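The values are calculated or read from the model by the stated rules, or taken from the named source; none is laboratory data. Since the model is a prediction, treat every value here as computed from it, not as a measurement. Note: ideal-geometry Cβ built from the backbone for every residue, glycine included; neighbour counts use all protein chains shown. Ligands, DNA and RNA are excluded from the accessible area calculation, which covers all protein heavy atoms including side chains. Shrake-Rupley method; radii C 1.70, N 1.55, O 1.52, S 1.80 Å.
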Amino acid sequence: MAGAAHCSLQAKRLLLDPKFEGYKLSLEPLACYQLELDAAVAEAKLRDDQYTLDHMRAFGMYNYLHLDSWYQDNVYYVDQFGRVMNLSVTLDTALQKPREVFRLPTDLTAYDDRLCASMHFSSSTWLTLSDGTGRLYLIKSGKRGDGASEKWEIVFNEELGRPFIITHSVSFVKSDMYSVAVLLLRVEKDELDAKGSGFHITLEWITIAEISKEGDHRYEIFKRRVLQGKSVPHYAAIEPSGDGLMIVSYKPFKFMKDEDDKLEENDDAKATNEKKVVDPLYYWQQTEDDVTITVDIPQDITKDDIKVHFSPDNICVTLKDQPPLMEGKLSSSVDHESCAWIIRDNKSLEITLVKKNEGPWWPELIVGDTRGEFIMDAAQRSEIAESLMHLTSEVMNPNPEKEKPPCNAQELEECDAFLEDSASLCRFDGNTLKVTHVINLGSNQYLFSVVVDPREMPCFCLRHDVDALLWQPHSDQPENMWEHIATFNALGYVQASKQDKKFMACAPDYSYAALCECLRRVFIYRQPTPLSTVLYNRREGRQVGQVAKQLVTTLEASDPILGFQATRERLFVLTTKTLFLIKVNSGN
């Protein structure tokens, strides 16, 4: 990632509430409606050869319910007959059954190795669709959610190799050419990975453009680019202009180049390595009392040609009238009057520096000079190994009463445990195929993503301390590329206690956040709202002006939850055979 700008996320203090007192459990009843499905959801269960954590994250935890952010309260799913079913809600008390809007030409039951069908709404009238067998469809839909004007028409479909799922897509106009960019994810076998999981992740970035030939308008693949990494990304989205890509992942991704580029890159790397293989200019050793430097010299150099200048903090060595061979500030002070030098066997110059302060070891000889090589003798190596012995053991915590006991993982709380040490957020340029911006997220655990404005990139929610902060990417604002737009107080801590958590979401107006478990239970966390009655904090003796409520709903279903989406007014929960609607906010 050389050349990339290392950035940081700047939280807005005004959006943080250091005095937040927690959520109060509310028994407020929530209206819950349920619709029985005509056919079960087309669930693609993990096969025996899909056994890694990456398979589980990408496919086992897949959200089968798709929210159309361009139209309020409009959701889609694919059933076992390959039908794309839609539910558009205008009035909760007058719900219609999900209706078929499109039928995949593929017989899903004929494929044993298929993945889950996936889709993404690129614009208000365009979408991308995959049947899970490796075929991509570009569809012109008309105004969705409206039975009169909605008509799904395939304008492009092509077999693209191994099965994939769609993670994101956008549509844009560039050079008077209408284009759709789509991001496809695969988990592929990696024969060269002998020590890891044996798989790698590929993200294929495809641009489909309208091509006009002799009055004939059709859509073709205009550009294909492939990124590869070793972990399923938490977040991957294309910029609205199609010029860049943002990825949040535990392990880094990089673009895979064409064969010609690879050969050229290998030649450059080989030449660079050849340049790097240079013998050290000098060798040095040290004890507690002194430092010894050895420098090879040409045979025609005599004692009169050598000039060595010592000072308390510096050294300068010159041969004849040439520029200084060694010059700079020493790592520590020396007794310059006791320093000396001699020529050994007419081949090398040996310099002895007497340390002013006995004991401390020098990390380097000359500050910032990397041309030398430090040589450690066997006795020194044994001494260092012995000093580190207390950090290792063949048994777990063999002597807990020892002066330097090992770390006890049992002292960590649930909310302190992360599957990954540190994730990073990278922005890739679509033209140079290089990383332009990178943020090390550290312990800012990724929680979920949400579309607040469909014309912008999806927002992502990260844990910051105990809170959950929502960030909106702005690809067209280099000085404010990631904006903190909302905070869900204490949600970062609260969600860590939900061991059976499967999906998280929030309303696009930030009025509430919600999470669901694998079975039945849904938790809703409202933002703090003013109280209509007087409430006092007895501990601090002050009046409380607002309170945040937690609500819990238990679904009347025994099937696992397969999909979960939030809108401003409602939560949509999809199980194998039922679609639930939970009314969270009123329409006023």
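Please verify whether segment 193-211 includes one or more residues that are within 23 Å of residue 63 (Cα to Cα), part of a loop (DSSP other than H, G, I, E, B) and more than 21 Å from the chain's Cα centre (by Cα).
No; the residues of segment 193-211 include none that is within 23 Å of residue 63 (Cα to Cα), part of a loop (DSSP other than H, G, I, E, B) and more than 21 Å from the chain's Cα centre (by Cα).
Within segment 176-188, does at least one residue satisfy the condition of being assigned to a loop (DSSP other than H, G, I, E, B), open to solvent by less than 10 Å² (accessible area, probe 1.4 Å), closer than 30 Å to residue 478 by Cβ and not aliphatic (A, V, I, L, M)? Walk me through how you get there before you give the answer.
Taking segment 176-188 first, the residues assigned to a loop (DSSP other than H, G, I, E, B) are 176.
Right, trim to open to solvent by less than 10 Å² (accessible area, probe 1.4 Å) and you get none.
No; the residues of segment 176-188 include none that is assigned to a loop (DSSP other than H, G, I, E, B), open to solvent by less than 10 Å² (accessible area, probe 1.4 Å), closer than 30 Å to residue 478 by Cβ and not aliphatic (A, V, I, L, M).
Answer with yes or no whether residue 181 is in contact (Cβ under 8 Å) with a residue 60 or more places away in the chain and either farther than 15 Å from residue 105 by Cα or not charged (D, E, K, R) (or both). Talk me through it step by step, then tell me what you get.
Numbers: in contact (Cβ under 8 Å) with a residue 60 or more places away in the chain: yes; either farther than 15 Å from residue 105 by Cα or not charged (D, E, K, R) (or both): yes.
The answer is yes for residue 181.
Out of all the residues in segment 71-93, is one or more more than 29 Å from the chain's Cα centre (by Cα), of a type in the set (Val, Ile, Thr) and open to solvent by less than 20 Å² (accessible area, probe 1.4 Å)?
So far as segment 71-93 goes, yes, one or more of its residues are more than 29 Å from the chain's Cα centre (by Cα), of a type in the set (Val, Ile, Thr) and open to solvent by less than 20 Å² (accessible area, probe 1.4 Å).
Quick one: residue 234 ticks every box in (1) under 22 Å from the mean Cα position of the chain (by Cα); (2) farther than 27 Å from residue 108 by Cβ; (3) modelled with pLDDT under 95 bar one, so which box is it?
(3)
For segment 420-501, please list each of the strands (runs of 3 or more DSSP E) lying entirely inside it that holds at least 1 residues being touching a helix residue (DSSP H, G or I) at 6+ places or on another chain (Cβ under 7 Å). Spell out how you get there, then give the answer.
Details: elements: 423-429, 435-442, 446-450, 459-464, 467-473, 482-488.
By residue number, 446-450, 459-464, 467-473, 482-488.
Can you tell me which residue within segment 317-327, out of those that are touching a residue at least 12 places away in the same chain (Cβ under 8 Å) and over 49 Å from the mean Cα position of the chain (by Cα), is farthest from residue 290 (Cα to Cα)? Break it down into steps so the answer makes sense when it comes.
Filtering segment 317-327 down to residues touching a residue at least 12 places away in the same chain (Cβ under 8 Å) leaves 317-320, 325-327.
Then keep just the ones that are over 49 Å from the mean Cα position of the chain (by Cα); that gives 317-320.
Working: 317: 18, 318: 22, 319: 24, 320: 27 Å.
Among those residues, the one meeting the criterion is 320.
Can you list residue pairs whose Cβ atoms sit under 6 Å apart, with the first residue in segment 468-490 being on the phi < 0 side of the Ramachandran plot and of a type in the set (S, T, N, Q) and the second being open to solvent by less than 10 Å² (accessible area, probe 1.4 Å) and in a strand (DSSP E or B)? Count only pairs 6 or more apart in sequence or on different chains.
From segment 468-490, the pairs are 472/459; 475/244; 487/469.
List pairs: first in segment 102-114 and more than 13 Å from residue 45 (Cα to Cα), second surrounded by 11 or more Cβ atoms within 10 Å (Cβ to Cβ) and of a type in the set (Val, Ile, Thr), Cβ under 6 Å, 6+ apart or cross-chain?
Taking only residues 6 or more apart or on different chains, the pairs are 102/84; 106/133.
Just name the residue that is least open to solvent (accessible area, probe 1.4 Å) out of those in segment 328-367 that are in contact (Cβ under 8 Å) with a residue 40 or more places away in the chain and among the polar types (S, T, N, Q).
348
Within segment 357-387, how many residues are closer than 14 Å to residue 289 by Cβ and of a type in the set (Asp, Glu)?
Taking segment 357-387 first, the residues closer than 14 Å to residue 289 by Cβ are 357-362, 380.
From what's left, of a type in the set (Asp, Glu): 358.
Within segment 357-387, residues that are closer than 14 Å to residue 289 by Cβ and of a type in the set (Asp, Glu) number 1.
Out of 150, 204, 188, 159, I need the residue that is modelled with pLDDT under 90, of a type outside the set (A, V, I, L, M, F, W, C) and touching a strand residue (DSSP E or B) at 6+ places or on another chain (Cβ under 8 Å). Which one?
Values: 204 fails: modelled with pLDDT under 90; 188 fails: modelled with pLDDT under 90; 159 fails: modelled with pLDDT under 90.
Among 150, 204, 188, 159, only 150 is modelled with pLDDT under 90, of a type outside the set (A, V, I, L, M, F, W, C) and touching a strand residue (DSSP E or B) at 6+ places or on another chain (Cβ under 8 Å).
Which residue is nearest to residue 517 (Cα to Cα), if the candidates are limited to segment 71-95 and must be of a type in the set (A, V, I, L, M, F, W, C) and either at pLDDT 95 or above or in contact with a Leu (Cβ under 9 Å, 6 or more places away or on another chain) (or both)? Can you show your working first?
Residues of segment 71-95 of a type in the set (A, V, I, L, M, F, W, C): 75, 78, 81, 84-85, 87, 89, 91, 94-95.
Now drop any that are not either at pLDDT 95 or above or in contact with a Leu (Cβ under 9 Å, 6 or more places away or on another chain) (or both), which leaves 75, 78, 81, 84-85, 87, 89, 95.
On the way: 75: 20, 78: 22, 81: 27, 84: 25, 85: 24, 87: 23, 89: 24, 95: 25 Å.
Among those residues, the one meeting the criterion is 75.
If you take the residues in segment 555-588 that are more than 32 Å from the chain's Cα centre (by Cα) and part of a strand (DSSP E or B), which one is surrounded by the most Cβ atoms within 10 Å (Cβ to Cβ)?
Of everything passing the filter in segment 555-588, 578 is surrounded by the most Cβ atoms within 10 Å (Cβ to Cβ).
Of these, 54, 48, which one is farther than 20 Å from residue 564 by Cβ, assigned to a helix (DSSP H, G or I) and of a type outside the set (A, V, I, L, M, F, W, C)?
Working: 48 fails: assigned to a helix (DSSP H, G or I).
Exactly one of 54, 48 is farther than 20 Å from residue 564 by Cβ, assigned to a helix (DSSP H, G or I) and of a type outside the set (A, V, I, L, M, F, W, C), namely 54.
Output the residues belonging to segment 96-113 that are open to solvent by less than 40 Å² (accessible area, probe 1.4 Å) and modelled with pLDDT of 90 or more. Even if it seems obvious, please write down each step before you answer.
Taking segment 96-113 as the starting set, the residues that turn out to be open to solvent by less than 40 Å² (accessible area, probe 1.4 Å) are 98, 101-102, 104, 106, 108.
Within segment 96-113, 98, 101, 102, 104 meet the criteria.
If a residue has to be among the hydroxyl-bearing types (Ser, Thr, Tyr) and under 22 Å from residue 511 (Cα atoms) to count, how many in segment 437-487 make the cut? If you could, list the steps in order and put the result at the bottom.
To start, the set of residues in segment 437-487 that are among the hydroxyl-bearing types (Ser, Thr, Tyr) comprises 443, 446, 449, 475, 487.
Now restrict to residues that are under 22 Å from residue 511 (Cα atoms): 446, 449, 487.
Residues that pass the stated criteria total 3.
Taking the stated definitions as given, is residue 498 under 26 Å from residue 43 (Cα atoms), basic (Lys, Arg) and either at pLDDT 95 or above or more than 30 Å from the chain's Cα centre (by Cα) (or both)?
Values: under 26 Å from residue 43 (Cα atoms): yes; basic (Lys, Arg): yes; either at pLDDT 95 or above or more than 30 Å from the chain's Cα centre (by Cα) (or both): no.
No, not satisfied.
Restricting attention to segment 124-138, which residues are open to solvent by 10 Å² or more (accessible area, probe 1.4 Å) and polar (S, T, N, Q)? Don't jump to the end; show me each part of the working.
Here is the first cut: in segment 124-138, the residues open to solvent by 10 Å² or more (accessible area, probe 1.4 Å) are 124-126, 133, 135.
Within segment 124-138, 124, 125, 133 qualify.
Out of 9, 14, I need the residue that is within 27 Å of the chain's Cα centre (by Cα) and not in a loop (DSSP other than H, G, I, E, B). Which one? Outline the logic, then answer.
Details: 9 fails: not in a loop (DSSP other than H, G, I, E, B).
Matching residue, one of 9, 14: 14.
Does residue 49 satisfy being of a type in the set (Asp, Glu) and without any contact (Cβ under 8 Å) to a residue 12 or more places away in the chain?
Values: of a type in the set (Asp, Glu): yes; without any contact (Cβ under 8 Å) to a residue 12 or more places away in the chain: yes.
In short, yes.
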